[in-house]
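So that we are looking at the same thing, I have put the structure below in structure tokens.
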Amino acid sequence: MKKICLFLLFCFVPLVASAQYSKFYDNTGEVKGSFSLPDTVKYLVLKFDFSETVFDKKYNEEDWALLNGKENWEAAKKEALERIVKMMNEKMTKTRIIMVLEEMATPDNPKIQSNYTFYIVPLSYSKLGRNKSVFVLKNNVTNDFVGCVSDYGSGANFGSLGNLLGDAYEDSAPRVAKKIASYNKFGK
């Protein structure tokens, strides 16, 4: 009996530990917490987190990468993030905040530093880019969640994997950027 209990414990602990973002998903589109950043923050790093994503209703990211080619999947994520950063920055022109990619905010580049990361966490994703996602702002120093919001993307019909992934956030990324902007306007 002890062995069965230990086995079940080890099976369920990873599921509970990995489900840190899905608990934030709702259909309201309202910000939980806050997207307010200290006045000293200028850069916000944008990253994907596919740790909880279910691709095409059955695959995890590792399987998805195998099906699409690992190099192809990595290139697709990079291509999509570059596009999403551009879309989001276009909606935050009246703020001091500039979205950047992780490779820009490195110790080798002392001009671009950030203690905050904005995660795009797809909970579900289809091959055509339809998705339900949670967008999470996290303080890297304290490892605390600052705020989050749920949104969805309607996807696209054709194109490369990177194009479809970028299309998936064509509607939701600008909507979320406007919410970030509303918390961080100049003079606020």
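Based on DSSP H runs of at least 4 residues, each adding -39500 (n - 2.57), what is the mean residue ellipticity at 222 nm of the chain after dividing by all its residues, to the nearest 500 deg cm²/dmol? Let's see the in-between values first.
Working: 5 runs with 65 residues, N = 188.
For the chain, the value works out to -11000 deg cm²/dmol.
Roughly how many nanometres apart are two label points built 7 Å out from the Cα toward the Cβ at Ser182 and Asp63?
The modelled label-to-label distance comes out at 3.8 nm.
What's the angle, to the nearest 10 degrees (0 to 90), between helix 2-18's Cα axis and the longest principal axis of the chain?
Helix 2-18 sits at roughly 20 degrees to that axis.
Mind listing the Cα extents of the stretch 32-183 along all three principal axes, in Å, largest one first?
So the three principal-axis extents are 43, 32, 26 Å.
So if I place +1 on the C-beta of Lys and Arg and -1 on the C-beta of Asp and Glu, and nothing else carries charge, what would the dipole magnitude of the stretch 37-168 be about its Cα centre? I want it in debye, nearest 20.
Details: 17 positive and 18 negative charges, 90 e Å.
Approximately 440 debye in magnitude.
Round to the nearest 0.05 the FRET efficiency obtained for Asn27 and Met104 when R0 = 41 Å and r is the Cβ-Cβ distance. Numbers along the way, then the final one.
Numbers: r = 33 Å, r/R0 = 0.82.
E between Asn27 and Met104, to the nearest 0.05, is 0.75.
Something else about it: At a threshold of 8 angstrom on Cα-Cα distance, excluding pairs fewer than six apart, so keeping six or more, what relative contact order does the chain reach in percent? Display every interim value, and only then the final one.
Numbers: 341 pairs, mean separation 54.8, N = 188.
Rounded, it is 29 percent for the chain.
Any read-out appearing in this document is the output of simple, stated calculations on the displayed coordinates, not a laboratory observation. Computed from a predicted structure; not experimentally measured. Positions of Cβ are generated from backbone atoms using ideal geometry, with glycine treated the same way; all protein chains shown enter the neighbour counts.
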